[in-house]
Amino acid sequence: MKAILASSDYEISNAVSNQLRNVTRISISVIETTDDFIEALKGDEYDVIISDYSFDGVDIWQLTKLVNSKQLAKHALPIYLLSETCGTEIPPILAKEHHFKVTSLTDLTEVLHDTENVGFSRGQRGQLPASILVIEDDDDALDIVCEALKSDYDIDTAQDGEQGLVPSIS
């Protein structure tokens, strides 16, 4: 398994290297700039991303948005945020919504081992697609909008605003 460590913090890079030093099946490449990160991601040589909360002026929210952007989504990989680098607790629901998982440095080896065993296809976010509600009273316009969005979103529809306010029961 090959991992990108997105970190410009020498102490964190060193701690991750020390944590994974005796794990022979995992190799780590430390990436310190966003430009190098994008190039590494596009190279399709890696299996997972490990990140600080913030590196090279990019925080985890911006990083996940970048990785899952339309331009880079086919290169998307699982992203693990090191909890030791966070100044605050990240709620699990927000992490899931933004397509990353929070792990501690001590649990990193086990988490990477589990990721390797589960398998992951490049370009797969590992999460459900984002949901969108389309409110449109013209059936033809609704069909066109749904067709345009169906590859990127889980789509709910409503004929008017009142119907859109009532949660659909599936």
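The values are calculated or read from the model by the stated rules, or taken from the named source; none is laboratory data. For clarity, every value in this text was computed on a predicted model and none was experimentally measured. With ideal geometry, Cβ positions are generated from the backbone for all residues, glycine too; neighbour counts draw on all protein chains shown. All accessible areas refer to the heavy atoms of the entire protein, side chains included, with ligands and DNA or RNA removed. Shrake-Rupley method; radii C 1.70, N 1.55, O 1.52, S 1.80 Å.
Structure data summary
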read-out	value
Residues of the stretch 67-76 that turn out to be in a helix (DSSP H, G or I) and either surrounded by fewer than 16 Cβ atoms within 10 Å (Cβ to Cβ) or not hydrophobic (A, V, I, L, M, F, W, C) (or both), as a count	3
Within the stretch 51-66, considering residues that are touching a residue at least 40 places away in the same chain (Cβ under 8 Å) and in a helix (DSSP H, G or I), the one farthest from VAL111 (Cα to Cα)	LEU63
Of all residues making up the stretch 95-117, the number that are under 30 Å from ILE132 (Cα atoms), touching a helix residue (DSSP H, G or I) at 6+ places or on another chain (Cβ under 9 Å) and open to solvent by less than 70 Å² (accessible area, probe 1.4 Å)	6
Cross-chain or 6+ apart pairs with Cβ under 9 Å, the stretch 140-160 first and without any contact (Cβ under 8 Å) to a residue 12 or more places away in the chain, then surrounded by 12 or more Cβ atoms within 10 Å (Cβ to Cβ) and not in a strand (DSSP E or B)	VAL145/GLU136; SER151/PRO129
Qualifying residue in the stretch 10-17 (condition: closer than 22 Å to GLU97 by Cα, of a type outside the set (S, T, N, Q), surrounded by 14 or more Cβ atoms within 10 Å (Cβ to Cβ) and in contact (Cβ under 8 Å) with a residue 12 or more places away in the chain)	no
Qualifying positions in the stretch 77-89 - part of a loop (DSSP other than H, G, I, E, B) and within 8 Å of TYR53 (Cβ to Cβ)	CYS86, GLY87
